[in-house]
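Beneath this line is the structure, given in structure tokens, with notes to follow.
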Amino acid sequence: MARLRGTGIAAVNYPTGMNLGGDPSQALIHATTSGSFNVVLAAADLGQGLRTVMAQIAAETLGVPYGQIVIQTADTDTGPHDMGTFASRATHRVGNAVKAAAIEAREAVLQLASEELEVSIADLVLDGRGGIQVAGSPQKRRDIADLASRAQFQYGRTIAGRGVYMKPKSDVDPETGAMDPDSTQAYACTVAEVEVDTETGAVAVLSIRSAYEVGQQVNPALVQGQITGGAWMGMSHALYETTEPCYPSRDHSPKDFAGYLMPGMAELPIIEAVVLEVPSSNGPYGVKGVGEMTANSPIPAIVNAIYHACGVRVDSLPVTPEAILRGLDALAQGKGAA
Amino acid sequence: MTVSTYFQPDSLPEALALLGEHGPDLLVIAGGTVAMPLINEGISLPAKVMGLRRVGLGGIEQRGDRLAIGAMATLTALTTLQEVPLLAEAARHTASWAVRNMGTVGGNLFTPPPGGDVATALLALDAQVELVGPAGARLLPLSGFWTGFMTTAAGPDELVARIVVPVAPGRHAFVKLGRKAANTPAVVTVAVRAAMDGEAVRDVRIALGAAGPHPLRSAGAEAAVEGRALTPEVIASAAGAAAEDAQPFSDQVASTWYRRRMVGVMVGRALAQLASAEQRGA
Amino acid sequence: MASVVVAFELGGRPVEVLVSPLATLQQVLRTQLGHTSVKDGCRQGGCGSCTVLLDGEPVLSCLLPVEDVAGRRVTTLEDLTPVDGLTTVQRAFLDANGFQCGYCTPGMELVTKALLERNPAPTRADIAEALSGNVCRCTGYVPIIAAVEAAAAAGSAAAVVASEGATR
Amino acid sequence: MTAQYHVVGESLERTDGVAHVTGRTLYTADLAFPGMLHLKVVRSPLHHALIRGVDLSAAERVPGFVRALTHADVPHNVYTILGLIGVEPEEEFVLPVDRVRYKGEPIVAILAETEAAAYEAVGKVQLDLEELPAVFDMDEALAPGAPIVTHWGNNTFMYEGHPCRRVRYGDVEAGFAQADHILEGEYRTSPIEHAPLETTGCIAVPEAGRFTVYTNTQAVYFSLDNTSIILGLQPNRLRFIGGTVGGGFGGKVDVIVEPLATLGAMRTGRPVRYVYNRQEEMQVSSTRSAETIRIKDGVMADGTIVARKVTGLADCGAYSRQTPYAITKFAANATGPYRIPNVWVDAYCVYTNRTPTSAMRGFGVTMGHFAIEVQMDKIAERCGIDPWTVRFRNAHRNGDVKPHRKVTSDATLIETMQAAARLVGHGLPPELAAMTSAPRTEWEGER
């Protein structure tokens, strides 16, 4: 028996959003009497932390603390239109809509402040902590919360904003394939190390180390969450998952988590990532997107590592222990792997 | 079907009486880890169900040089069984913590392939099944208990009451290959129990799980090692014989081809483990 | 079908429920007792999301006829969550982002609690074995392991504080 | 970079974190409503069959049975998922009229007082089916004489008159003629299940002339609009509430459960719960497509790719759902992050009698990346260069034109690979370490 180690790499780009029939999302924002802001959306949080990220973008733009933001989403009686949470589009599309709505609401606050302080809006700055002050004269200031209260009870005005972001429809030229299919691109490069047991064909993934460039991160911990979960899913896709384990026979298609194979905690490799931030030209604060791409580069990196470990090229997924063993048998017989 | 009655007999005689009264209409469940999923998803639609958690068969007691394990003893209870370390090891490699807290040793005899790691260990231990029916109790060697794919020698009016396991000095080895390290269906499970006579192996029993319609012993592998020292050549010969004896099948975790190959590899690893095992009770 | 009354202890309080035959503990906790932290990921015993503690031991409530728990002690996450604040385990999962969609979280936390009660300083292998029945599709498990380790560290720190307090 | 912001760039605690760790988050199936009925579906046991008859009489006698829904109950009996954005054809029925095309296809829905009664009644529906030949392999499905799965006479989705999505850029044959090496590869992938911990489901509740649908869809408006078309209801009579999803991964964009549940609520006036059990989630919910990707690359001795021809086949199963769009995405990304001057892509969406496929994380791109990146290693090996160098030599840069004619911007492949090399301690040769994604100079652009 031998345990053979190998390293493989893979590099990928990933498109943010799609063009669909036009790809819009909207956001509405309004201030409450206490100066917190309700952000009303129709986007779903799949667990990636959409509510959190939208609250951060709204807080940043409005210049108020994160805790002042309430995200209310996905009730079609109140939430403005949204295409949906897919295509790595939410942080970019919904984020842009939230930012636009927040800017409009901020303008209303600044207008009030400028009237009360008797200066032009251009002379006002936000302190990021819920305050507005006159540039160069920090003692001349107003709290956004107070302005919001007076807007309602004293001035009878709204502090609200509407935002939309739309990627226009781009038809595909059926002859040449010319199209504009995305808004921006994020990148990843993964290096995987594996160990192959030549008796069983079993692959242990030792490490998945990646560099990502995803534009500005809104919440780095949540970005790491996507990268780590995606690395595991990529490993799972590469080595385990199929709904047709006996294909072309469709017998034994899994019905439960025992039969649908995925790695567990004991199979975890070291998962490590560095993240570069190069702001995109069109995402809110320069974001790109990271939701989907994280399962992609680990798959070929692992498959390439297997080849470098044991000389077996498997071009079909999942790379089962049986496929590796048959490949090793073929190598031993001098025929080369299929 | 909407279940009309769930019987919870308080004693074995009461359970047997219910079984006699309702016959094959009565679905008997032990830990529920196999039957309940089928009921929950509407695949099994029983009208009458009998649960055995209250019949008082959860205990483990010494009977001379044997251990009588109540059929309703949980797999968790086996994991700390010092008298029979092979059984404890097999139990530790079965399913997950919560399932082990629910699943029973009796139920493990009926687990559909590729299950039954504990059953495989019991086969290597030459355990007997105590079946109790209207005519009383009878002891059946486990090797004669299974009669085919999901069929056993238990009569329709009988229940498995206990599993009787010899406690004898010797060596053991347990190897389970799954696609994962923990909570995994078996590609192949190998349980070996032997006495040692100097370097030579005596009274060896090599049981294979997930290598046939039920746990089975490899006569070829046993013959290859019986009375011999566990040299690499002897181990290789036994591994080859086991691969030939296996009656593997394809499922989600492995194909027939791969299982047969792994029977050989895992029997080899188990015997290598046996050769290096420190002397301890098995 | 004749419904029956089953009495057991839930979170330290006696409860009596009228159940249909073979109703599962999961079903009764979720639909009759409002304990929806007990999730419903598979009903096959395969995902761990419906885990509860039965006399302190983790079991799968989807496989357990509620009649089998008569007279016994059942604990769910509802029973453990303080009125204000979080348990040590919950705090650790929150701080480590040991969840994404949150669906596996209650089961993960209950098994973690049971593990740490038996083994206050588990190794990674211990954690992997103890949680092997709990499936997560989002996180890749890494932050869950981090949460368990943080909870263990916080627990032992708390134990040190408590024992120091006791000796004074 | 981050310091210029107050909140963006900070790893703040999740707004829903406390609710998640205390188990207080309410997911769709945690809700219950008085009088709620349970919907379960009678599914085809065959891969391909004509429906000769459906006998409900025994099912109707099951205690707790309330009513059945058949194709005749569905106002506009066609799934419209991509039709909403103008992608035809409409090929999938909500409940099929006379033919089933995959094992597990719904035929009749049963509404009952309890889940157990629904299951029992489902088991008592008698189906009279006439089995038809089925096809499970894409190459077989494309061959003459194959069983035809669709209603239009062949087994491919039609893209504006073509049986495939095409990309034509440069002159691929001229590129091959110029190349030092020709390298061909064929890559195959298997269907993959999303396996979210929370199964797909919804509860439709009738309310004073309207229906409120609690759902774990990934797209509430998409689901509402599709349901409105199928049920012939003005959209303002529907209210969809969701937003908290127990894992999606693309599997909850299909709008399969909402129309039937809402129809049940319309026909009975009672709340209707339709939540997949795990076996349904595993066996009949859409999967990621199986793909066969054939790549032919023309490569210069230094590893530079000068031409690429790709034939991609994606198995959409019996119904295409979101897959036609995935294929467009596949075609758009068939060169990966590399600059290739001559490219030819034919990407097919192929119908078979396998489980329908749809969107999944990395939609149309993930398996293309697998093929491309394994191919890159083979190119490196053929040219005798290392796997890093081949990627740097082919890396696209800002200003490069992609085969779909879009000019590359926001490119950082080179910087990302440099960061990965640093992370693993792999020393790059100076010429690679010095590269950037900045637009090529005129001199660099010649090639």
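The values are calculated or read from the model by the stated rules, or taken from the named source; none is laboratory data. Given the structure is predicted, the values throughout are model-derived calculations rather than measurements. Quick reminder, even Gly has a Cβ in these numbers, built from the backbone with ideal geometry, and neighbours come from all protein chains shown.
Residue under question is residue D:391, and the condition is that it be modelled with pLDDT of 95 or more, basic (Lys, Arg), crowded, with 16+ Cβ neighbours inside 10 Å and closer than 28 Å to residue D:171 by Cβ; does it hold? Explain how you work it out, then say what you get.
On the way: modelled with pLDDT of 95 or more: yes; basic (Lys, Arg): yes; crowded, with 16+ Cβ neighbours inside 10 Å: yes; closer than 28 Å to residue D:171 by Cβ: yes.
So residue D:391 fits the description; yes.
Yes/no per residue for (1) modelled with pLDDT of 95 or more; (2) within 14 Å of chain C (Cβ to nearest Cβ):
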site	(1), (2)
A:167	no, no
A:186	yes, no
A:207	yes, yes
A:214	yes, no
A:231	yes, yes
A:236	yes, yes
Which one of these does residue C:74 not meet: (1) part of a helix (DSSP H, G or I); (2) of a type outside the set (Phe, Trp, Tyr); (3) within 24 Å of residue C:130 (Cβ to Cβ)?
(1)
From the list D:264, D:298, D:246, D:269, which residue is touching a residue at least 12 places away in the same chain (Cβ under 8 Å) and under 30 Å from residue C:46 (Cα atoms)?
D:246
May I ask you to verify whether residue C:114 is within 13 Å of the chain's Cα centre (by Cα) and among the small types (Gly, Ala, Ser)?
yes
Residue list for the stretch D:102-146, restricted to those being of a type in the set (A, V, I, L, M), within 14 Å of chain B (Cβ to nearest Cβ) and more than 22 Å from residue D:74 (Cβ to Cβ):
D:116, D:117
Being within 14 Å of chain D (Cβ to nearest Cβ), in contact with a Leu (Cβ under 6 Å, 6 or more places away or on another chain) and buried (at least 18 other Cβ atoms within 10 Å of the Cβ) is the filter here; which residues of the stretch B:20-47 pass it?
B:36, B:46
Determine, yes or no, whether residue A:177 is outside the structural domain of residue A:319 (by TED's automatic domain parsing) and crowded, with 21+ Cβ neighbours inside 10 Å.
yes
Matching helices (runs of 4 or more DSSP H) fully within the stretch B:31-133 where at least 3 residues are in contact with a Cys (Cβ under 9 Å, 6 or more places away or on another chain)
B:35-40
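So which helices (runs of 4 or more DSSP H) stay within the stretch B:177-282 end to end and still have 2 or more residues that are touching a Ser or Thr at 6+ places or on another chain (Cβ under 7 Å), touching a residue at least 12 places away in the same chain (Cβ under 8 Å) and buried (at least 19 other Cβ atoms within 10 Å of the Cβ)?
Correct list: B:232-245, B:256-276.
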Which of the helices (runs of 4 or more DSSP H) found entirely inside the stretch D:109-206 contain at least 1 residues meeting this: at pLDDT 95 or above, basic (Lys, Arg) and within 30 Å of residue D:275 (Cα to Cα)?
D:115-124
Counting only residues that are aliphatic (A, V, I, L, M) and within 14 Å of chain A (Cβ to nearest Cβ), how many does the stretch D:43-97 have?
6
Considering only residues that are within 9 Å of chain C (Cβ to nearest Cβ) and β-branched (Val, Ile, Thr), look in the stretch A:218-229 and name the one that is surrounded by the most Cβ atoms within 10 Å (Cβ to Cβ).
A:227
The number of residues in the stretch A:241-269 that are in contact with a Leu (Cβ under 7 Å, 6 or more places away or on another chain) and more than 7 Å from every other protein chain (Cβ to nearest Cβ) is 1
Test for residue C:76: is it under 17 Å from residue D:29 (Cβ atoms), at pLDDT 95 or above, assigned by TED's automatic domain parsing to the domain that holds residue C:10 and among the hydroxyl-bearing types (Ser, Thr, Tyr)
yes
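One line per residue, one yes/no per condition, for (1) of a type in the set (Lys, Arg); (2) crowded, with 24+ Cβ neighbours inside 10 Å; (3) farther than 25 Å from residue D:168 by Cβ:
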position	(1), (2), (3)
D:337	no, yes, no
D:346	no, no, no
D:350	no, yes, no
D:355	no, yes, yes
D:367	no, yes, no
D:415	no, no, yes
D:426	no, no, yes
D:442	no, no, yes
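Here is a yes/no grid of residues against (1) in contact with a Pro (Cβ under 8 Å, 6 or more places away or on another chain); (2) in contact (Cβ under 8 Å) with a residue 12 or more places away in the chain:
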site	(1), (2)
B:124	no, yes
B:135	no, no
B:146	yes, yes
B:160	no, yes
B:165	no, yes
Tally up the residues in the stretch A:181-196 that are in contact with a Pro (Cβ under 8 Å, 6 or more places away or on another chain) and not polar (S, T, N, Q), please.
5
Filter result (facing another protein chain (nearest Cβ under 9 Å) and within 29 Å of residue A:47 (Cβ to Cβ)) within the stretch D:163-212
D:189, D:190, D:191, D:192, D:193, D:194, D:195, D:196, D:197, D:198, D:199, D:212
Going residue by residue through the stretch C:136-144, is there one that turns out to be among the small types (Gly, Ala, Ser) and either out of contact with any Phe, Trp or Tyr (no Cβ under 7 Å at 6 or more places or on another chain) or assigned to a helix (DSSP H, G or I) (or both)?
no
From D:43, D:67, which residue is at pLDDT 95 or above and closer than 30 Å to residue C:103 by Cα?
D:43
Where in the stretch A:127-245 are the strands (runs of 3 or more DSSP E), entirely inside, with at least 1 residues that are within 21 Å of the chain's Cα centre (by Cα)?
A:160-167, A:184-197, A:203-213
